[in-house]
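Trainee: Structure in structure tokens, see below.
Bear in mind these aren't lab numbers, they're just calculated from the coordinates by the rules spelled out. Every value quoted in this text rests on a predicted model; they were computed, and no experiment measured them. For neighbour counting, all protein chains shown are included, and Cβ atoms are generated from backbone atoms with ideal geometry for every residue, glycine included.
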Amino acid sequence: MEVSISEAANRLAIADRVLVIGCSGGGKSTLSLKISERFGLEYQSYDRDVRWLPGWRTRDRDEQRKIVADLVNRERWVMDGTTVSTFDLRLPRADLVVWVRVPRRTSLLGVARRVLANYGTVRLDMAEGCPEQLPDWEFLSYIWTFEKRVAPRIVAAVDHIAPTVPLVILRSRREFEALF
């Protein structure tokens, strides 16, 4: 159920569980951290806490689902991450879904800024042993084709799994600020 930014801001002020989704580089983690700090919610990063193991190895999917099941059963959290295959666990527990749906040029610029700021170090939202690196073609292609390939899957999942969970779509950094 899509809501306006002002309605989302009202819901965010009382929400116990917030799911932040969107394309890589769009600002999900930055926004999630801000929500965490502002509203005292536990910050959960899908990349750090669920997906990645040291050395950029991907955790087994069954193990990822077990971790997600544990994380979403906690009382108060904000989780960033767009892995659609775990929406069945995450969406029903969310009080609000925030979809960072910025233009791909914004996401690509976000990745470039992130690499410049963090190259060779491990970001707060990334698993230990996974230092920031230059993006490969597959990652850049994912960002470039996100709206065509991933966004329809997000819409279908939200409509099927959680059609009554409030969802706000943020299309610019200015709209991020309107939540607060």
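Trainee: Where does the stretch 59-134 land on Rg(C-alpha)/(2.2 N^0.38 Å)?
Mentor: Ratio of Rg to 2.2 N^0.38 Å for the stretch 59-134: 1.30.
Trainee: Quick check on packing: order 123-133, 18-28 by the mean number of other C-beta atoms within 10 Å, highest mean leading.
Mentor: Numbers: 123-133: 15.4, 18-28: 25.7.
Packing proxy ranking, top to bottom: 18-28, 123-133.
Trainee: Within 10 Å, count the other beta carbons around each residue, average over each peptide in 74-85, 92-103, 169-180, and list them highest first. Mind showing how you got there, number by number?
Mentor: Details: 74-85: 19.2, 92-103: 21.4, 169-180: 15.5.
Top to bottom by mean Cβ count within 10 Å: 92-103, 74-85, 169-180.
Trainee: May I pose another question? Just name one of Thr82, Trp52, Thr106: the one whose Cα is farthest towards the positive end of the charge dipole of the stretch 41-125 (beta-carbon charges, Lys/Arg +1, Asp/Glu -1).
Mentor: In the stretch 41-125, that residue is Thr106.
Trainee: Roughly what % of DSSP beta bridges within the stretch 19-132 run antiparallel, to the nearest 5? Before the final figure, lay out each step's value.
Mentor: Numbers: 2 of 13 bridges.
Antiparallel: roughly 15 percent of the beta bridges in the stretch 19-132.
Trainee: Something else: How much of the calculated P(r) for the chain lies past 19 Å, in percent of all Cα pairs?
Mentor: Details: 9097 of 16110 pairs.
Beyond 19 Å sits 56 percent of the P(r) for the chain.
Trainee: Rounded to the nearest 500 deg cm²/dmol, what is the calculated helix-only ellipticity per residue at 222 nm for the chain, with -39500 (n - 2.57) per DSSP H run of length n ≥ 4?
Mentor: On the way: 9 runs with 80 residues, N = 180.
-12500 deg cm²/dmol, from helical runs alone.
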